[in-house]
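Data block below; observations after.
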Amino acid sequence: MSFQVRLRLLPSARCLFDEPIQVKVSGLRSRQVVALRARSTDERGVVFSSSATYRADGSGEIDLVSDPSLSGSYVGVEPMGLLWSMRPDTLHKKFQIKNSLNPHVVRFSVHEEEGEGRMLAEVTNERILIGDGVIRRPVREGNTRGVLFTPPGRGPFPAVLELYILGGALSEKRASLLASRGFVVLSVVAYGHDDMPSNIKELHLDYFEEAIQFLKKQDKVGSKGVGVLTISKTGDVALSVASYLPDVEATVWINGCCANTALPLYYKKSQILPALMFDLSKMIPTESGANMVKNVLHNPLAEENKATLVPIEQAKGRFLFAAAEDDLNWDTKAYMDEMVERLKHHGKENFESVSYPGAGHYLEPPYGPYCPSSFHWLAGKPVLWGGEARSHAAAEVHLWKKIQEFFRAHLSVDATQTIAKL
C-alpha cells in the first residue's frame, strides 16, 4: 500500500550542491515498476524536471547506486541521473541560481507506472550552495565589484580570484562552493554591475590587479599568490592576468580562447593586446530555434590575427587547461592544443591539460541540470552549447575535483602571513 512506500536520500536530504546523494526506495511490491521523478524551479521561475522508470528487486527495493533506469530521461545505472537530466519546461533555458544564499531545492517522488501515475512517496532535497560557517560579503571597494567568500576557521587558506565578466550577471555558485571546500574566493564582475557602465569598449588589467591586491590583504589568506578561475570569454582575460601581472600562482582555464577576444586589453593606460573579433553573420540557425556560433570567431592562428594571442609563455605560475571536445560555442580543443604546443616550444612545463569527449561548453560544478542551449547575450539569440548529457555530467564531476586538487597543489600557503595579518 502507498503509505508503506518510503523514499530516502542518503546520507542526508540536505547537502552541498556538489555532493552526490544515494536515492533509495523501499516498501514496493516485488518487481514492481515505478517512475521516479525530480522537479525543481530556478530563480526565474522556470521549472526543470526529469523522470526515469525503475523495477524493484524481489524485496520491493530500488537503489539508484546499483539499479538501472529502464527508460525515461536517461537509461542505465546513473546514481545522479535524475539531477543532471532535468530539462526546462521552456526551450533554451539555462538553470539559474546566481545568489549563493538560495538553495537548489529538488522534489524527488515515486509514482505508479500504471494508470494516472499516482504518487506513492515524496522527499525534498535541499542542495545548498554555501556551506555552514562560510561568510558571504558583497564587495565595493575602490574599483572592485564582486562577492567575497571566506571559509570558517582561522586558516590560513589559499586565495582564488574568479573572473565573471560578460553579460552583467555574477553567478556565485563556483565561488561559494570553493569557499565551502576551504578557499577564500573573490568573484568579480568587471562591468554590467548596477553602478558600472555596461557599454564599454575596452578592458583594463589594472582592475584585476586591484582585485588581486584586495584579495591578498584578507585576514585569512595564507597563500603567497592567488589562483585564478575562469570559463568562456573570461578565459582569455585570465591568461592575460597570469601573463602580465605578478602574484598569480595557478590559473584554471575552462573552454576559453587562446587569444584576447571581443575587446582590446589595456594595462597602465596602454593597449597591450588588440581584440580578436567575430562575425555574427556566420551564425547558423537550426531547427530547434537555437543558433550554431562555433565559427563566428575569427581564426586566432591566422597571420593577420596573431597579435591577439596572449603571451602565456611569459607567465610565472602554473596552468590547468580544460577543454570540452564538443564545445559548440567555439573551437576550445584547438585553442588548448595551440597553447600546449606553444608552451612546449618555449621549453615550459608549467601546465597540465585535460579534454572531455562528449562535453559541451558550460562545464560547471556537478549535479546541476545539463544545458544544451540558452540565450547568448552577445549573439542576442539562443545558441547551442554542445555536448551529450551523460558525458557532460561525468566531465563536470571529474573537472570539479581536478580544480580543487590543482589549486591545493600549487597555491603555497604560509601560516606566518595569516598570523601577521591577524
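The values are calculated or read from the model by the stated rules, or taken from the named source; none is laboratory data. Quick caveat, the model's predicted, so the values are computed rather than measured. All Cβ positions, even for glycine, are placed from backbone atoms using ideal geometry, and neighbour counts span all protein chains on display. Just the protein is used for accessible areas: all its heavy atoms, side chains included, with ligands, DNA and RNA removed. Shrake-Rupley method; radii C 1.70, N 1.55, O 1.52, S 1.80 Å.
Cβ separations smaller than 7 Å between residues 6+ apart or across chains give the following pairs from the stretch 204-218 residues that are in contact (Cβ under 8 Å) with a residue 60 or more places away in the chain to residues that are open to solvent by less than 50 Å² (accessible area, probe 1.4 Å) and assigned to a loop (DSSP other than H, G, I, E, B): LEU205/LEU245; TYR207/ALA190. Of all residues in the stretch 247-279, those being open to solvent by 10 Å² or more (accessible area, probe 1.4 Å) and either under 17 Å from LEU378 (Cα atoms) or modelled with pLDDT under 95 (or both) number 7.
Residues in the stretch 6-31 that are in a strand (DSSP E or B), polar (S, T, N, Q) and touching a Gly at 6+ places or on another chain (Cβ under 8 Å): 1 in all.
Inside the stretch 81-108, residues that are buried (at least 20 other Cβ atoms within 10 Å of the Cβ) and in contact with a Leu (Cβ under 8 Å, 6 or more places away or on another chain) make up a count of 7. Say whether the condition of being at pLDDT 95 or above, open to solvent by less than 60 Å² (accessible area, probe 1.4 Å) and part of a helix (DSSP H, G or I) is met by at least one residue in the stretch 316-328. Looking for residues that are at pLDDT 95 or above, open to solvent by less than 60 Å² (accessible area, probe 1.4 Å) and part of a helix (DSSP H, G or I), one finds none in the stretch 316-328, hence no. Taken together, the residues in the stretch 38-52 that are of a type outside the set (Ser, Thr, Tyr) and either outside any loop (DSSP other than H, G, I, E, B) or surrounded by 19 or more Cβ atoms within 10 Å (Cβ to Cβ) (or both) amount to 6.
Against the numbered list (1) touching a residue at least 60 places away in the same chain (Cβ under 8 Å); (2) assigned by the TED database to the domain that holds TYR370; (3) not in a helix (DSSP H, G or I), LEU178 comes up short only at (3). For the stretch 70-77, the condition holds for at least one residue, the condition being that it is farther than 29 Å from SER100 by Cβ, of a type in the set (Val, Ile, Thr), in a loop (DSSP other than H, G, I, E, B) and open to solvent by 50 Å² or more (accessible area, probe 1.4 Å).
Let's see how each residue does on (1) of a type outside the set (Lys, Arg); (2) in contact with a His (Cβ under 7 Å, 6 or more places away or on another chain); (3) free of Cβ contacts under 8 Å to residues at least 12 places away in the same chain:
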site: GLU303; (1), (2), (3): yes, no, yes
site: LEU320; (1), (2), (3): yes, no, no
site: ALA324; (1), (2), (3): yes, yes, no
site: SER355; (1), (2), (3): yes, no, no
site: HIS392; (1), (2), (3): yes, no, no
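Total residues in the stretch 145-170 satisfying the condition of being assigned to a loop (DSSP other than H, G, I, E, B) and either surrounded by fewer than 24 Cβ atoms within 10 Å (Cβ to Cβ) or modelled with pLDDT of 90 or more (or both): the figure is 12.
Restricting VAL248, VAL293, VAL237, VAL241 to residues that are among the β-branched types (Val, Ile, Thr) and farther than 30 Å from SER412 by Cβ narrows the list to VAL293. Listed by position, the strands (runs of 3 or more DSSP E) enclosed by the stretch 329-422 that each have at least 1 residues that are open to solvent by less than 60 Å² (accessible area, probe 1.4 Å) and farther than 23 Å from ALA290 by Cα are 351-356.
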